[in-house]
1. Say whether the condition of being open to solvent by 40 Å² or more (accessible area, probe 1.4 Å), of a type in the set (Phe, Trp, Tyr), under 15 Å from PHE105 (Cβ atoms) and touching a Ser or Thr at 6+ places or on another chain (Cβ under 7 Å) is met by at least one residue in the stretch 49-57.
2. Check TYR32 against each of (1) touching a residue at least 60 places away in the same chain (Cβ under 8 Å); (2) closer than 19 Å to GLN113 by Cα and name the one condition it does not meet.
3. Pull up the stretch 58-96, narrow it to residues that are among the charged types (D, E, K, R) and farther than 17 Å from VAL116 by Cβ, then point me to the one that is surrounded by the most Cβ atoms within 10 Å (Cβ to Cβ).
4. Given the condition among the small types (Gly, Ala, Ser), open to solvent by less than 60 Å² (accessible area, probe 1.4 Å) and under 18 Å from LYS87 (Cβ atoms), answer yes or no: does some residue in the stretch 20-39 qualify?
5. Report, by residue number, each residue of the stretch 4-16 that is surrounded by 13 or more Cβ atoms within 10 Å (Cβ to Cβ) and touching a strand residue (DSSP E or B) at 6+ places or on another chain (Cβ under 7 Å).
6. Could you tell me whether the stretch 2-19 includes any residue that is of a type in the set (Ser, Thr, Tyr) and at pLDDT below 95?
7. Taking the criterion of being under 19 Å from SER21 (Cβ atoms), surrounded by fewer than 17 Cβ atoms within 10 Å (Cβ to Cβ) and among the hydroxyl-bearing types (Ser, Thr, Tyr), would at least one residue in the stretch 99-116 satisfy it?
Amino acid sequence: QVQLVESGGGLVQAGGSLSLSCAASGRTFSRYAMGWFRQAPGKVREFVAAISWSGENTRYAASMKGRFTISRDNAKNTVYLQMNSLKPEDTAVYYCAAGPNTGAFNFWGQGTQVTVSS
């Protein structure tokens, strides 16, 4: 079983950057694919990025590709989301997730708020 805790959210001006972290507890972290999702008020949750257990394969939503970078450090049991060139429409609660592959996430963090001002 995996428990996930996100951190690093906050308020940033448009064009700025933020780095989110997701700390995982459990001895099997390196066996899980990891992902980031986000949900804005009144909108459906959307996929942001995912990374395989080895870190070899990554996936991004089209609107984030080129701006966001997902990475992981299995030795530290942590997954990261580096967000650059932030836009007001990036404002949302960002959730960390884990699962057996990048298409199936069954463990979720509590979320961290990211607010981008214009």
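The values are calculated or read from the model by the stated rules, or taken from the named source; none is laboratory data. All values derive from a computational prediction rather than experimental measurement. FYI the Cβ positions are ideal-geometry reconstructions off the backbone, even for glycines, and counts take in every protein chain you see. For accessibility, only protein heavy atoms count, side chains too; no ligands or nucleic acids. Shrake-Rupley method; radii C 1.70, N 1.55, O 1.52, S 1.80 Å.
1. Yes, the stretch 49-57 contains at least one residue that is open to solvent by 40 Å² or more (accessible area, probe 1.4 Å), of a type in the set (Phe, Trp, Tyr), under 15 Å from PHE105 (Cβ atoms) and touching a Ser or Thr at 6+ places or on another chain (Cβ under 7 Å).
2. Among (1) touching a residue at least 60 places away in the same chain (Cβ under 8 Å); (2) closer than 19 Å to GLN113 by Cα, the lone unmet condition for TYR32 is (2).
3. The residue in question is ARG72.
4. The answer is no, given that none of the residues of the stretch 20-39 is among the small types (Gly, Ala, Ser), open to solvent by less than 60 Å² (accessible area, probe 1.4 Å) and under 18 Å from LYS87 (Cβ atoms).
5. Those that are surrounded by 13 or more Cβ atoms within 10 Å (Cβ to Cβ) and touching a strand residue (DSSP E or B) at 6+ places or on another chain (Cβ under 7 Å): LEU4, VAL5, GLU6, SER7, GLY8, GLY9, VAL12, ALA14.
6. For the stretch 2-19, residues of a type in the set (Ser, Thr, Tyr) and at pLDDT below 95: absent.
7. Within the stretch 99-116 (the criterion being under 19 Å from SER21 (Cβ atoms), surrounded by fewer than 17 Cβ atoms within 10 Å (Cβ to Cβ) and among the hydroxyl-bearing types (Ser, Thr, Tyr)), the answer is yes, since at least one residue qualifies.
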